[in-house]
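Take a look at the structure set out below.
No value in this document is a laboratory result; all are computed from the given coordinates. What you see is a predicted model, and the numbers here were worked out from it, not measured in a lab. Every residue, glycine as well, gets a Cβ built from its backbone with ideal geometry; the counts of neighbours run over all protein chains shown.
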Amino acid sequence: MQLTQKMTMDSKNGLELQDLRNEEIHMVCFKESDFHGIDMRNTKIAHTNFVNSRWEHIYFSNIHIKFIQMGGTVFENIIRPNAEMSQLSEEPGTDGWVNIEPVVFKTSDLSTARFEKCDLSNVQIKDCIIEGLSIDGILITDLLENYKKNALVD
């Protein structure tokens, strides 16, 4: 189904695309739709329902996400690029660009979250509630208490 008569050519892949640049799209139902090869740079998405959606091969950098309910959400195979070239260079809209800035969680409730087989090297936890937080079954509050006791003895 064609949404517009305006067409453009994707210079990277030579594909003809429906050109919806600068359009304002309101009150649309995309239920059970399949999006592929979408270039949504500089797009704003608000009041959107992604319940039971699957996102794959997403270039997700410099994004500010606010007021999100994420119960039951699974993040898997997330990479933080540290290469000179993009890991997603074949995806539309990436143009080989890599953002190596850190991911930041602010004022978030991650209680009961599980991190499994994750690289948490150089992670900074600051001004956070850590009651019940454990690593490999060891409570962090107990470790900190032990550390403080031993630091005062030395």
Qualifying lysines (Cα of each under 22 Å from Cα of K66; at least 8 residues distant if same chain) | K44, K106, K126
In nm, what is the difference between 0.36 nm times the number of residues separating H47 and D136 and their Cα-Cα distance?
-> 28.2 nm
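Give me the net charge of N52's neighbourhood, meaning all other residues with Cβ under 13 Å from the Cβ of N52; Lys, Arg count +1, Asp, Glu -1.
On the way: positive: K31, R54; negative: E32.
Local charge sum for N52: +1.
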Can you pull the one-decimal nm distance between simple spin-label points at E76 and E56, each 7 Å off the Cα toward Cβ?
-> 1.0
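Test of understanding: ordering V123, V153 by Cβ neighbours within 10 Å, fewest first, what list do you get?
Working: V123 10, V153 6.
Fewest to most other Cβ atoms nearby, the residues stand as V153, V123.
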